Structures are given as structure tokens and as C-alpha cells.
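Have a look at the structure below, then the notes.
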Amino acid sequence: MAPRTHLTDLGCIACEELSEFGAGNEGWLDTPNLSAAVDSSSLALANRSLVLVLDWLNGDLINTPIKIKPSLSPIKGDITAVQWLDFDDFRALALGTSNGYLLVYSLEGDLIHIQAPSLISFFLHLQFYVCYNLGFWTNVMNSLTPFSSSDEFCVVMPGVVARFDGSDFQTLLQQWFQETQSQFWDQRRQNRETDDMRHSYKRLPYQLWNVSKYGLCADAAITGVMPPPLMELQSSERYFCAVTIGEDAVISAYRLSEDRNRSLVGAILSKVVPAAFSTLSSLSKMIWRSGQDSSKKSEEKPQSFAKASSLTCLKDHPRKGEKLTLSPGGTLAAITDSLGRVLLLDTQALVVVRIWKGYRDANCLFMEMLVNKDTASSSTPVAEHSKSDYCLCLAIHAPRKGIIEVWQMRIGPRLVAIKCAKGSKILQPTSKLGSSSVSPSFVPLEVFLLNGDSGQLSVLNQSFH
């Protein structure tokens, strides 16, 4: 039993509906086909065919658990991932399936959006990874300076990374919630659910990269933007950095270009023969269109990959990368491997800066804690502290040891070791997307602990003094 000073109870989620997810069986939270996502007041659990949403307030369930049972066919596959889309004015759930379908549901169980894999015909086991407020760079007087930030939604597949813009999800949900107020919505919703997938509500744009040069990846993340490569032509194109882990390469990194056609040869050709190429293209289109039946609709083609250039690779057989967790801002990544080690990676220098050993089957999450004893022991409410009062820490859950250790980054000491019951799981609330221009009060990064036996949900205190 963990001391009171280390954990604060939020509520108990125990209910009959959890029996459909294996609750009551030993280690049910570690079932391979079970996904979980939590925000500030709700927990979403998903198995292969069912999603359960549980709310809590003042230690008690406040609503009847919400069941969402998507209509899944063998073509769509099973649910493999769940993630909250948490905006200021509305919330929704994003689901990924084993055959690559992206589904978005309201908390009332209404289907908001479905995106078929006609553009990504090779989706496998989806994992959603949300990267928030990634700083962008621009070329100004031949220097690189950050100029903006945005919310990112990263989808990870074996050997493939896709990036969605958070603002596209926000626009989608805004339009949907406005249409729900229309008197014709019920009829429109029925029509959309029965229509062919090609006529889905709206196709969300995305970018796609092949990152399988060193084998299929078990997990990955887009860590942020980076400067263009040397000798690259000056342009407004952005370059992202992606870190992947897997069986063949414990760690590998790639530079991702936005432009699917950008290469040195392509740049030369575009400068040397632009007029001739344009003329030939126009003529070929005219000839092609003249022989086309105007009533025949062209088929959608799979989206092509953008350019991904390898930066580095670490191979250390038989070690295999298993899980990857990104820090706020993407400057650090915690990576667990098959040899029971936790690697702390500097994603900008692409160098491992710290290693912990003896943590088999570990789970890692970053959190923010008050810096010193004076600040931590003061009676000042947490809401009144600023970001400078907190330091970044890493919570390592070692299930075989039955403890959670909190270490200060990057080279700080272990701050505390918290005992936890067998079958527990650590979770992290989803941050809000699409915040308003008015800067809100700082909300430190938290880590929740779910006890699989009792159903008790607690939060790790951000001050242990």
C-alpha cells in the first residue's frame, strides 16, 4: 500500500461492465488486445470490438458507463488503439483498427468520421501517438529560428509513420457538432453510415513516410522539426525528425521531408526543363481527357511516400526496442528494450544520455514535479505555480518489482520509489488540443496509476516533501 503522501485518489472505476474486458482476472490490464486512454476526467478502455468510457468526480462514478460498439467487419479489422481528442469545447474518441481504418466517435456513441485505407492500403496494427506543440523552423536571412507551434497527431505502423495536423481534427469536430443541431442530422447520419467508404464524411489530409530501412518498427514518434540537410536548396519546406525502435534496430532516426518529390535530381530537372515539361504534361492531359468518358469517376490511388532520409541507427543484437515515450516538446525519449534496460535518448543530438538496468517489462511516462523542498512544502496551490517551478522527471513502472520510481532528468537522482499492487498500470492524461490564443495557466504533466484489482484510480503527487 503506497503512502498517502505519494498518491492522491481520484475515484474508483469498478463496475459490472468491466467484466467484458477481463476485469477480475490476474493481469487483465496487460492483455495484448486491451488499449487505454485517459483525460482529465474520463478513462476509455477498448478491446477488439468494444469501447467503454468511465467518468469520475469526487471519488465516484458520475455517469452510467458509456458503451461504444463500432460496426466492424472483417474488412475493417479489430480495434487496436484508442486515443482522446480533447479540445476546449468538445471531446471525442479516435479509434484505429488492425486493417488501417481511422474512426472518430462522439461520447454519445455517434460515428463522426471514418477514413478507409484506400490511400494507405498497407495499414497494420495502428498505434496513436500524440505530439503536442512541436516548434517549427523557417529560413530567415540564412538562419534557422523557431516561429510557431502546432498540435500533431502521429500514427505509427510497422515500418510507416503518418502525421495528421491537429487543426484538421478540430475543424472536423466543429463542423460535425454544428450539424448535429440541424433537424436533418438524423437522416444524414443514417445515410453516411450506410454509404460506401469512398463517400465518408471528409477525408483528413496527412503525410506519410516509409521508415522501414532497418526493419519494421515496434514503436515510433515524430519528435519535432529540424534544420534542412546541408547543400539543400533554400525553401519554406519543413523537415521533421522521427525516432523508431524495433527488432532489427534498437534505435534509428530519420529526417522527414514534407515534399514527396523533393530530391537533388528533381530540383535540377525542375530548373532546367520546366517549360518543356509543362508543355508535354498539358498535351498529354488533353489527349488523355479526350479519350475519357466524362461520366466515369477515376479511382483513388494510394498516397505516395514523402522522402525519409536515414540519420543514424543502433543495432545491438539480440536487444530489441519495445516501447517509446516522448517528453513534452520532444527533446527526450525514454525507450525500453528486451534486455530490461531503459534508454534516455536526446532526440536533438541523437545520443543516449542515460541508461537504467534491471527493469524488464517496464513502462515509462514523463511527468513534471516541483523543484525544491521550499516550493514543494509551501501552502501555495498547485494552480498558482509557474512552469519554472517544475522540473522534468521520468516515472518508471517496474511491474516485476512492484514499484514506481521517479527520476529527475537528465542526470538527477531518484526522488522516490512508490510501491504499487500487482496488475497496476500507469497512464497519462491527454493534453488539450487547439488551445485558445489567450495563454492559460500552466498545467503540469501528470501520471495516473490504475489498480487493476480494486479499480482505484490515483494520481502521483508532484511533491513528495
At a Förster radius of 30 Å, what calculated FRET efficiency corresponds to the Cβ-Cβ distance of ASP89 and ASN33, to the nearest 0.05?
0.35
Take the cross-link list LYS315/LYS357; LYS323/LYS422; LYS76/LYS422; LYS67/LYS432; LYS307/LYS357 and give me the ones stretching past 27 Å between alpha-carbons.
LYS76/LYS422; LYS307/LYS357
The alpha-carbon center of region 329-350 and that of region 404-428 are separated, in whole Å, by 16 Å
Can you tell me the length gained on complete extension of the stretch SER73 to LEU350, counting 0.36 nm per residue apart and subtracting the Cα distance?
95.5 nm
Arrange the following residues from fewest to most other Cβ atoms within 10 Å of their Cβ: PHE366, PHE442.
PHE442, PHE366
P(r) for region 8-47, please, calculated from all Cα pair distances in 5 Å bins and given in %.
6, 19, 31, 27, 15, 3
Could you give the nm distance between label points at ARG360 and CYS391, where each point is 7 Å from its Cα heading toward the beta carbon?
3.2 nm
If you rank LEU415, LEU457 by fewest surrounding Cβ atoms within 10 Å, what's the result?
LEU415, LEU457
Please list, in order along region 157-169, the HN-Hα scalar couplings obtained from phi with the Karplus expression 6.51 cos²θ - 1.76 cosθ + 1.60 (θ = phi - 60°), rounded to whole Hz, x for Gly and Pro.
10, x, x, 9, 10, 10, 10, 10, 8, x, 5, 5, 5
For PHE177, PHE448, order by how many other beta-carbon atoms lie within 10 Å, fewest first:
PHE177, PHE448
Which order do peptides 417-430, 9-22 fall in by mean Cβ count within 10 Å, highest first?
417-430, 9-22
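Every number in this text was worked out from the coordinates using simple rules, so none of it is lab data. Given the structure is predicted, the values throughout are model-derived calculations rather than measurements. Backbone-built Cβ (ideal geometry, glycine too); neighbour counts: all protein chains shown.
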